[in-house]
Each structure stands twice: as C-alpha cells, then as structure tokens.
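Here is the structure we will look at.
The values are calculated or read from the model by the stated rules, or taken from the named source; none is laboratory data. In this text, all values refer to a predicted model and were calculated from it rather than measured experimentally. Positions of Cβ are backbone-derived with ideal geometry, glycine not excepted, and every protein chain shown enters the neighbour counts.
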Amino acid sequence: MNRYAHYHQATAPSLRRDLTLDRVGVWQGAAPALHRAMRALTPEDIARFGEDPTARFKANLDAVEARISAACRRAGRPRAEVRLLPITKTVPVPVLERAILAGVTTLGENRVQELEQKHAALHAPGLRWCLVGHLQGNKVKQAVRIADEFHALDSLRLAARLDAALEALGRELDVTIQVNTSGEQTKFGIAPSEVMAFADALGAYPRLRPRGLMTLAMLSADLAEVRPCFERLRALRDQVIRQHPSLTELSMGMSGDFEAAIEEGATIVRVGQALFGARPTRDSDYWPGLAP
C-alpha cells in the first residue's frame, strides 16, 4: 500500500462519488432533453471558445487527464485517489451546457452571484455545485441554498453563520478548511498553527461536515516556491487526521501547478483554464491576494 492510500478507504462518499469527470453514460436519461434545450453560442462565446466548444473541451480534458495520470504514476498513487474539480468561473452557460453533455458532473464557482445565475439556468439532474472562493457573510444565505461543497472555510464566525443558515433550511454542507500555507498576509485562510484548534471548534456546528484542508499556493511559475505550500498542507492533514478522521481531503493545485500538488498528496485538484481556456479576467479579480 502506498503512503496515501489509507486516507481514502473511509473517505466521505459525498465528496468521493465523483472521482473524475464521468464521460460515458452519466447523462443517458438527461442528455437528449438538455441537447434540445441548449442555448445558441453568442459571437463572444465563439470568439473565446471556438465554434465547437465541445470538441475543444474534450481535447483539453484528455490532456488534463493525461497530466493527472502521469503525476499519479510518478507519486505511486492510483488515479482514483485524485478528484478533478472543474472550475467554471466566467464560463458562459451555453458553453457549460456543452461541457455537461461531454460529461461534467460538478461545477466549481468563486462568486455567489455567478453560482446563482448558473444554477438557475442549468437544469441537468445530478449536478453538484461547489463554492471555492472567499465567502462574505452577507452572501451566506444565498450560498447555502445551492452549494453542495464549500472549499474556503476560514473563520469560526463564518462557520456559525453557515450553520445557522443551514439549520433554517434543514441542510448540511461539506466544507474544507482554508489554510494560508504561503504566509502571505493578503491571502485568506487560517494560520497553520491554528488548524487543530479550528478543527476542534467546528464540532459546535453540526450542520457543517468538515472533509479536509484547502490551500491556495504561492502564485509563482517556480515550482520550488509552490511545492512547499503543498507539503505543509499535507503535513498538517497528517497531524489533524489523528484527532479528526473525517479530514481526509487535500484540496490543492490549480491549472498551473496541479501536478506538483498531486505528487504531494492532493485528493482534489481545482482546474479551470486548462479545461476551458484562458479567462478574460485575472485570477486576482476572483481571489484577493493573488498577483495579477
């Protein structure tokens, strides 16, 4: 058994059920209806995604899958240990409809307003909605009506607000704890030294289901600067899991660095631009603290 495998034998099914993008048979019942209802591509969509976004997405997915598989082989890990979470921020609804037909089952958004708009427009059954960006307190009620997962829990005050809003709806929510592993003061996330106490305190909020840790690594093209962030998160997980066995997940790695994250133990990689192409907005517009 490799050094990571034992963390996934009892992983929560709500997070592990979509280990990768299901590309065959997922939408056997829903695909025809969705195809009939698909919106036409706008000129702006075509300029950004081409006249056949489906073919482009499938080609990108194949390339990402190859990179994930290669990273898993280098780390001596089964491919099934790593979940690909598509980040769909700024991707318009007509393009997402085509990606869903190609097999996407999970959509990751950074902003509540965009999450709401897409949730209202996309009606394919079985979609899983993930909120991966910083959440302001005044957006909590809107977020918990839709989100199945929240990947950026960074304060007990927010935990209390989420728990109260979920209680009112009779819902529960999978969450990962955001940790500031780079030490940058402009980034959200709790300090590594506070992770254990934070995890202990989450027991007071029964509507939250803590599933693991999440980080935004240092934004750098130099993996020698990025990799230590992933190493720190894995070490923290290995410590905290002794007291909190449900905290198995490591949500870390994005389009530019997910291979290094996998090599360091990532169980969820959040990939957007490698699947859908370059965005018209800077990452710093969505993640405060990131360099332009």
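Condition first: among the small types (Gly, Ala, Ser), over 17 Å from residue 110 (Cβ atoms), crowded, with 17+ Cβ neighbours inside 10 Å and touching a residue at least 40 places away in the same chain (Cβ under 8 Å). Now tell me which residues in region 123-176 satisfy that. The answer is 124, 159. From the list 114, 109, the lone residue that is touching a residue at least 12 places away in the same chain (Cβ under 8 Å) and over 21 Å from residue 60 (Cα atoms) is 114.
Here residue 109 qualifies as under 24 Å from residue 50 (Cα atoms) and in contact with a strand residue (DSSP E or B) (Cβ under 9 Å, 6 or more places away or on another chain).
One residue alone among 65, 81, 51 is at pLDDT 95 or above, among the acidic types (Asp, Glu) and more than 23 Å from residue 241 (Cβ to Cβ), and that residue is 65.
The helices (runs of 4 or more DSSP H) found wholly in region 176-292 and carrying at least 2 residues that are out of contact with any Gly (no Cβ under 7 Å at 6 or more places or on another chain), modelled with pLDDT of 95 or more and among the charged types (D, E, K, R) occupy 223-240, 258-263.
Residue check: residue 154 meets all listed conditions (1) on the phi > 0 side of the Ramachandran plot; (2) in contact with a Gly (Cβ under 8 Å, 6 or more places away or on another chain) but one, namely (1). Among the residues of region 49-74, the ones that are in contact with a Lys or Arg (Cβ under 9 Å, 6 or more places away or on another chain) and either surrounded by 14 or more Cβ atoms within 10 Å (Cβ to Cβ) or of a type outside the set (Asp, Glu) (or both) come to 13 in all.
One line per residue, one yes/no per condition, for (1) crowded, with 16+ Cβ neighbours inside 10 Å; (2) under 26 Å from residue 147 (Cα atoms):
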position: 197; (1), (2): no, yes
position: 210; (1), (2): yes, yes
position: 235; (1), (2): no, no
position: 241; (1), (2): yes, yes
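Residue selection: residue 192 satisfies the criterion of being closer than 19 Å to residue 245 by Cα and not hydrophobic (A, V, I, L, M, F, W, C). In this structure, residue 89 does satisfy being among the charged types (D, E, K, R), surrounded by 17 or more Cβ atoms within 10 Å (Cβ to Cβ) and either touching a helix residue (DSSP H, G or I) at 6+ places or on another chain (Cβ under 9 Å) or closer than 30 Å to residue 164 by Cα (or both). Note on region 109-126: among residues that are within 21 Å of residue 40 (Cα to Cα) and hydrophobic (A, V, I, L, M, F, W, C), the one that is modelled with the lowest pLDDT is 124.
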